[in-house]
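Engineer: Quick one: structure below, then a few questions.
The values are calculated or read from the model by the stated rules, or taken from the named source; none is laboratory data. The model shown is predicted, which means the values in this text are computed figures rather than measured ones. Cβ: placed from backbone, ideal geometry, glycine included. Neighbour counts: every protein chain shown.
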C-alpha cells in the first residue's frame, strides 16, 4: 500500500500565473488517488491576486473557457500552509488560474491536468 | 505521461474517401491520397509486376510492402498498392479495396498499409519518433478505439497518441465549443452535434449519400445518354497530323471491374466538381429541362454536354428519392425512401438534444468535408432549414474559410490542437498504455 504524497504545486515557486505548470505536471506525474496538491500563493498581494479554479471539462481546459469553472481557492486561501486539494476521485482534474493573460493559458502556462491513478507503479 | 522533446506531432485523418496526413501546426496536410488500396493475390504478383506495357503512366520503382507472416497467411497473401501514384498505375488482377465496411474498419491490414504509406512514403518519418493525433469517426466504438491504440503502440511504437472525434476537431477549428457539424465526406454524410467540446452521441445521424454516391449517380445518368467514360489506361491519343489527334483504344482484358470503376469515378468526380452546384429550390424536371448546357472535355478528347444533371445530382443530397429517376440506380431505389435529406437530418439531430441548447445549435451549423464544399450548398441548406425549423430558431449555416479549409477542416482542427502548448500534457503516452492498457484511452481522450 502506497503512502499518499503531499505535493507542492510549482515546487519552490508556488502557484503564480504565467508559470509553465504543464511542464511541471509532466515532470511530477503520475499523481495517485488521495495525493494532496498544495497551492501556495501570497494571500494579500498588492500586485496580482491568485486563485485556483477547477475547469469542468477537457474542452474548457484546452480553450481556457472559464464558464462553468468552480472556484476552489480564492485570493486569500493560498497563504500560510497553502490551499490543499485532495485528489480523491478517479477523474481528470483540470486546474487553472484565472489570472494572467489569455495567451499564456492557451500556451499551457497557468494550468495543468492531474489524472489520479490507482496503480502503485511508477513510470 | 509523455514529456519528450519538442518534435512535431503527426496528424492523420483517415476518411472514408481520402486520407489526410501532415505535421501539427501547419495550415494544410502534406499528403492527401485515396483511402482505398489496390490488392493483388500474391500468386498473381510476379505476373503483374513483369514490366508489362502501360501507356500514359510512368512505372514506379518496385516498393516492397513487407508484412508479417501471420497476416499474410490470414489474408491469403496479398500485395497492397497504396497512394495516388500506385493506384494510378493499372495492373492485371488488381482489385480496389476499402478498409471500411459501413463506416467501420473491417480490414486492419489495409489500414496498416495506409498508415505505412503516410509515414514512410509521404511524410518520410519514423513513427516511433512522433506523437500521433488521429481523427476518428464521431460515433467510433470503444472497441475500434482500443484496436487503434494497440496498433499504434504495438506495431508503430508511437511514443504518444491522441484520438479526437471528427466533429470536435471541426468545431475546434472554427473556434466553437458548441455547434452542429455537417460533414459531407466521400463515403457518407454525418451530422454530429457538439456541446462544450463533446459529441452528443445519441443525436449523431449518418446517411450513405456522400460524394461518391453523387459521382455514381452522375456516371449512370451520363451512361443513360450514351456517354461512356473511358478510363485513362484504356486509350492512347495518336497525333495523325500536327495538332490533330486520334484516339486508339487499348485492350487490357485482365483489368478488374473494381479498378475500371475506380478509374471512371476519378474522371466523373472531376466532372462533378467542375459543373455541379446545388439548386436554389428543390429540383424540378420540367423547370430544368431547357437550361443551357455546360461543356466538359473528357481525357480522351470527347466533349460532353451536361444540362439538368448539374443541379439534379447535387439535389440528391436534399431529396434522396430523386435517385429513383436516375437510370441505372435502381438498386438503390429500394433504400432511397428511408434515407433522409440533409435538412431533415439536421433538424432531427438537433431535436434529439436537450431543449436548452437547441437554439445555440441552430445558430452554429458548421459545414465540413469535400462534398459540403459544393457550390451553393450552404445557401440552399440555410434556406431549407429556415423554412422547416421552429419559428423561434435563428438559423445560421457557417462555411468558415475557403473551400480548402472546409475540405480539410477535420485535419486543420487536429493540427491546431496538437500544436498547443497545453496539449503536451494530454497525450496518451506509451508508458500509460503499458501501465493501464488500451482501455485507458477512454480516460485520456473522452
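Engineer: Which residue is farthest from the other protein chains (Cβ to nearest Cβ), if the candidates are limited to segment B:395-443 and must be assigned to a loop (DSSP other than H, G, I, E, B) and surrounded by fewer than 17 Cβ atoms within 10 Å (Cβ to Cβ)? Can you show your working first?
Structural biologist: Start the filter on segment B:395-443 by keeping residues that are assigned to a loop (DSSP other than H, G, I, E, B), which leaves B:395-396, B:399-402, B:408, B:420, B:426-427, B:437.
If we keep only those that are surrounded by fewer than 17 Cβ atoms within 10 Å (Cβ to Cβ) too, we end up with B:396, B:400-402, B:437.
Values: B:396: 20, B:400: 16, B:401: 19, B:402: 24, B:437: 11 Å.
Among those residues, the one meeting the criterion is B:402.
Engineer: Further, regarding this structure: How many residues does segment B:86-110 contain that are under 24 Å from residue B:253 (Cβ atoms), touching a helix residue (DSSP H, G or I) at 6+ places or on another chain (Cβ under 7 Å) and surrounded by fewer than 20 Cβ atoms within 10 Å (Cβ to Cβ)?
Structural biologist: Residues meeting the conditions: 4.
Engineer: Hey, among A:31, A:66, which residue is without any contact (Cβ under 8 Å) to a residue 40 or more places away in the chain, within 14 Å of chain B (Cβ to nearest Cβ), on the phi < 0 side of the Ramachandran plot and in contact with a helix residue (DSSP H, G or I) (Cβ under 9 Å, 6 or more places away or on another chain)?
Structural biologist: On the way: A:31 fails: without any contact (Cβ under 8 Å) to a residue 40 or more places away in the chain.
Exactly one residue qualifies, and that residue is A:66.
Engineer: Moving to a separate point now. Going by what's in this entry, would residue B:201 be described as touching a residue at least 40 places away in the same chain (Cβ under 8 Å), over 22 Å from residue B:380 (Cα atoms) and touching a strand residue (DSSP E or B) at 6+ places or on another chain (Cβ under 7 Å)? Break it down stepwise before answering.
Structural biologist: Numbers: touching a residue at least 40 places away in the same chain (Cβ under 8 Å): yes; over 22 Å from residue B:380 (Cα atoms): yes; touching a strand residue (DSSP E or B) at 6+ places or on another chain (Cβ under 7 Å): no.
So residue B:201 fails the test.
Engineer: Residue check, residue B:311 against (1) modelled with pLDDT of 90 or more; (2) assigned to a loop (DSSP other than H, G, I, E, B), all met but one. Which one?
Structural biologist: Only one criterion in (1) modelled with pLDDT of 90 or more; (2) assigned to a loop (DSSP other than H, G, I, E, B) is unmet by residue B:311, namely (2).
Engineer: Now a separate question. With the checklist (1) in a helix (DSSP H, G or I); (2) under 28 Å from residue B:163 (Cα atoms) in hand, flag the one item residue A:67 doesn't pass.
Structural biologist: With (1) in a helix (DSSP H, G or I); (2) under 28 Å from residue B:163 (Cα atoms) applied to residue A:67, the lone miss is (1).
Engineer: Does residue A:55 meet the test of being in contact with a helix residue (DSSP H, G or I) (Cβ under 9 Å, 6 or more places away or on another chain), loosely packed, with under 15 Cβ neighbours inside 10 Å and within 14 Å of chain B (Cβ to nearest Cβ)? Quick ask: steps written out before the conclusion?
Structural biologist: Values: in contact with a helix residue (DSSP H, G or I) (Cβ under 9 Å, 6 or more places away or on another chain): yes; loosely packed, with under 15 Cβ neighbours inside 10 Å: no; within 14 Å of chain B (Cβ to nearest Cβ): yes.
Answer is no for this residue.
Engineer: Also: Please enumerate the residues belonging to segment B:160-186 that are surrounded by fewer than 20 Cβ atoms within 10 Å (Cβ to Cβ) and in contact with a helix residue (DSSP H, G or I) (Cβ under 7 Å, 6 or more places away or on another chain).
Structural biologist: B:178
Engineer: What do you reckon, is residue B:368 within 24 Å of the chain's Cα centre (by Cα) and touching a residue at least 12 places away in the same chain (Cβ under 8 Å)?
Structural biologist: When the stated conditions are applied, residue B:368 passes them.
Engineer: Also, quick follow-up: Kindly list the number of the only condition in (1) surrounded by fewer than 20 Cβ atoms within 10 Å (Cβ to Cβ); (2) on the phi > 0 side of the Ramachandran plot that fails for residue B:83.
Structural biologist: If we test residue B:83 against (1) surrounded by fewer than 20 Cβ atoms within 10 Å (Cβ to Cβ); (2) on the phi > 0 side of the Ramachandran plot, just (1) comes out false.
Engineer: Considering (1) away from chain B (no Cβ under 14 Å); (2) crowded, with 16+ Cβ neighbours inside 10 Å, say which one residue A:88 fails and leave the rest.
Structural biologist: Going through the list (1) away from chain B (no Cβ under 14 Å); (2) crowded, with 16+ Cβ neighbours inside 10 Å, residue A:88 breaks only (2).
Engineer: Additional query: Of the residues B:381, B:317, B:386, B:367, only one is in a helix (DSSP H, G or I) and buried (at least 22 other Cβ atoms within 10 Å of the Cβ); which?
Structural biologist: B:381
Engineer: Here is a further query. If you check B:280, B:270, B:284, which single one turns out to be closer than 30 Å to residue B:341 by Cβ and touching a helix residue (DSSP H, G or I) at 6+ places or on another chain (Cβ under 7 Å)? Explain how you work it out, then say what you get.
Structural biologist: On the way: B:270 fails: touching a helix residue (DSSP H, G or I) at 6+ places or on another chain (Cβ under 7 Å); B:284 fails: touching a helix residue (DSSP H, G or I) at 6+ places or on another chain (Cβ under 7 Å).
That would be B:280, the only listed residue that is closer than 30 Å to residue B:341 by Cβ and touching a helix residue (DSSP H, G or I) at 6+ places or on another chain (Cβ under 7 Å).
Engineer: Quick test of your reading of the structure: residue B:119 fulfils all but one of (1) assigned to a loop (DSSP other than H, G, I, E, B); (2) surrounded by 13 or more Cβ atoms within 10 Å (Cβ to Cβ); (3) at pLDDT 95 or above. Name the failing condition by number.
Structural biologist: All conditions are met except number (1).
Engineer: Among the residues in segment B:321-328, are any under 25 Å from residue B:286 (Cα atoms) and touching a strand residue (DSSP E or B) at 6+ places or on another chain (Cβ under 9 Å)?
Structural biologist: Our first condition is that a residue be under 25 Å from residue B:286 (Cα atoms); within segment B:321-328, this holds for B:321-328.
Right, trim to touching a strand residue (DSSP E or B) at 6+ places or on another chain (Cβ under 9 Å) and you get none.
No, there is no match, as no residue in segment B:321-328 is under 25 Å from residue B:286 (Cα atoms) and touching a strand residue (DSSP E or B) at 6+ places or on another chain (Cβ under 9 Å).
Engineer: OK, next. In contact (Cβ under 8 Å) with a residue 12 or more places away in the chain and either within 14 Å of another protein chain (Cβ to nearest Cβ) or in a helix (DSSP H, G or I) (or both): which single residue out of A:76, A:22 fits that description? Steps first, answer last, please.
Structural biologist: Working: A:76 fails: either within 14 Å of another protein chain (Cβ to nearest Cβ) or in a helix (DSSP H, G or I) (or both).
Checking each option against the conditions leaves just A:22.
Engineer: Hey, another quick one. Just give me the residues in segment B:319-343 being modelled with pLDDT of 90 or more and within 22 Å of the chain's Cα centre (by Cα), in sequence order.
Structural biologist: B:319, B:320, B:323, B:339, B:340, B:341, B:342, B:343
Engineer: Here is a follow-up. If you take the residues in segment A:91-123 that are in contact with a strand residue (DSSP E or B) (Cβ under 8 Å, 6 or more places away or on another chain), closer than 23 Å to residue A:5 by Cα and without any contact (Cβ under 8 Å) to a residue 60 or more places away in the chain, which one is farthest from the other protein chains (Cβ to nearest Cβ)?
Structural biologist: Ranking the candidates gives A:93 first.
Engineer: Which one is nearest to the other protein chains (Cβ to nearest Cβ) among residues in segment B:191-225 that are part of a loop (DSSP other than H, G, I, E, B) and within 23 Å of residue A:62 (Cα to Cα)?
Structural biologist: B:197
Engineer: Ok, one more. Looking at segment B:226-244 only, could you name the residues that are assigned to a strand (DSSP E or B) and surrounded by 13 or more Cβ atoms within 10 Å (Cβ to Cβ)? Write out each step before concluding.
Structural biologist: Filtering segment B:226-244 down to residues assigned to a strand (DSSP E or B) leaves B:235-241, B:244.
Within segment B:226-244, B:235, B:236, B:237 meet the criteria.
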